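Each reported figure results from applying straightforward, stated rules to the coordinates on display, with no laboratory input. Please read all numbers here as calculations on a predicted model, not as lab measurements. Note that we place each Cβ from the backbone using ideal geometry, even for glycine, and neighbour counts take in every protein chain shown.
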Amino acid sequence: MNELKTDDVAKLRAAGVIDLPTIQRYLNFHYSVTIDLFGADQSSNAATFYSSGLKGRFEEGKRADDHLLKDQTYKVLEVVNGRLLEKDVPMLNALNEVLRDDFIKDSVAGVGRWNKVIEKAGIPFRLTVPHKAFHRNIGALAGIKMSPEGRVVSDAEWEAKKYEWLPSPEDRAFVTSLMGRVVEPGKFANWIAPPVMGINRQPVDFEYVRFG
């Protein structure tokens, strides 16, 4: 962007790079589908696995509680009459949500590091992590139409704006078009950042495999 002195999406794509608004849409997508992988916000299976020693929270050994959790509660989200509300549920049943929230904190910190790179480049754009209820397909928030900012929206508004918030077919086709095959030793596809050095401090173009 600084080299071309533009933030015009068409010009940036013509130069073979992914524009920041597209990165934001992909961030929204991958973040939302990833936090779904933690499972339902309330789960009796999670409680059973935890009590059996087969499941733990992030850094379980550093937690100062009794690790039984029988009298502890945790807040989860639900939508009531078009509004997001918190409610307390037994923590044992909310362990998926505990893990999800720890992952969210880590994700927010990671995006913060990306923003420092953008800020250092002098570009007035900041990536953001969408609301936890955005584009969810697991648990109580599944199927709720929600903006990245956490506003419940109508079906009509979702259809009108979903490709402002998530990758469009055109976005996906463009990103796919960048992924050209490169097989020459020491050369890297333009979508892969070259390493500083090779494995075991070998040169980047070291011939690791030889065919006789």
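Filter region 65-114 for residues that are hydrophobic (A, V, I, L, M, F, W, C) and assigned to a helix (DSSP H, G or I) and give the result. Selection gives 91, 92, 94, 95, 98, 99, 103, 104, 108, 109, 111, 114. For residue 180, the criteria (1) surrounded by 10 or more Cβ atoms within 10 Å (Cβ to Cβ); (2) in a loop (DSSP other than H, G, I, E, B) hold in every case but one, which is (1). Could you tell me whether any residue of region 149-171 is closer than 30 Å to residue 101 by Cα, of a type in the set (Val, Ile, Thr) and free of Cβ contacts under 8 Å to residues at least 40 places away in the same chain? The answer is yes; a qualifying residue exists.
The set of residues in region 22-49 that are without any contact (Cβ under 8 Å) to a residue 40 or more places away in the chain and either touching a Cys at 6+ places or on another chain (Cβ under 8 Å) or more than 30 Å from residue 72 (Cα to Cα) (or both) contains only 30. Scan region 86-132 for residues that are without any contact (Cβ under 8 Å) to a residue 40 or more places away in the chain and not charged (D, E, K, R) and the total you get is 10. Specify the residue that is nearest to residue 101 (Cα to Cα); the eligible residues are those in region 50-64 that are in a helix (DSSP H, G or I) and touching a residue at least 24 places away in the same chain (Cβ under 8 Å). The residue in question is 50. Just checking, does region 148-166 include any residue being among the acidic types (Asp, Glu), part of a loop (DSSP other than H, G, I, E, B) and exposed (fewer than 13 other Cβ atoms within 10 Å of the Cβ)? Among the residues of region 148-166, at least one is among the acidic types (Asp, Glu), part of a loop (DSSP other than H, G, I, E, B) and exposed (fewer than 13 other Cβ atoms within 10 Å of the Cβ), which makes the answer yes.
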